[in-house]
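First up is the structure itself, then whatever we jot down about it.
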Amino acid sequence: MMNVFLDDTRPCPEGFRLVRTVDQCIKLLKHHKIDVLSLDHDMGYHQPTGYDLAKYMVSKRLFANEIIIHSANPIGSLKMYFLLDRHKPEHVSLSIRPRPFEISPDLRRSQGKFS
């Protein structure tokens, strides 16, 4: 089993496989057993969203053992959560854990210069 992190901008946490698009994520869901699936909502301008992926998962009955929604978009996160919560199998764990953008080294070095 693998852990998958869907996000178009954030760095991948250790222990996860990074996918940058919904299509890449769908391919993994179709061909591999996924233990933990961590989802962003906003995937870039005119790109399928995490909500589009959630609809696909529900329609095809493709679920990871654990689904974490880490999107900073509160409305998108809730839409994904409520859809998945309504349709997921009982054994699937579902949670929302907002993950802030990582602080870039340049921003870290300039800390305190903005006060």
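Tabulated results
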item: Dipole moment magnitude, nearest 20 debye, the stretch 2-109 about Cα centre, only Lys, Arg, Asp, Glu C-beta charged; result: 220
item: Which of 17, 61 has the fewest Cβ neighbours within 10 Å, and the rest in rising order; result: 61, 17
item: Distant-in-sequence amide H partners of residue 17 (H built 1.01 Å from N, under 5 Å); result: 3, 4, 5
item: Under 20 Å from the Cα of residue 27 - aspartates and glutamates, other chains or at least 8 residues apart; result: 7, 8, 35, 40, 42, 52, 66
item: Global form of the stretch 12-94, assessed from the alpha-carbon gyration tensor, a/c cut-off 1.5; result: rounded
item: Contact order normalised by residue count of the stretch 2-109, Cα under 8 Å, 6+ apart, percent; result: 23
item: Chymotrypsin sites (Phe, Trp or Tyr not before Pro) within the stretch 1-66, DSSP loop, no more than 14 other Cβ atoms inside 10 Å; result: 45
item: Out-of-range pairs (alpha-carbon distance over 19 Å; input 33/88; 33/79; 60/88); result: 33/79
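Read the figures in this text as sums done on the coordinates, not as results from a lab. What you see is a predicted model, and the numbers here were worked out from it, not measured in a lab. Here the Cβ is made from the backbone with ideal geometry for all residues, glycine too, and neighbour counts use every protein chain on show.
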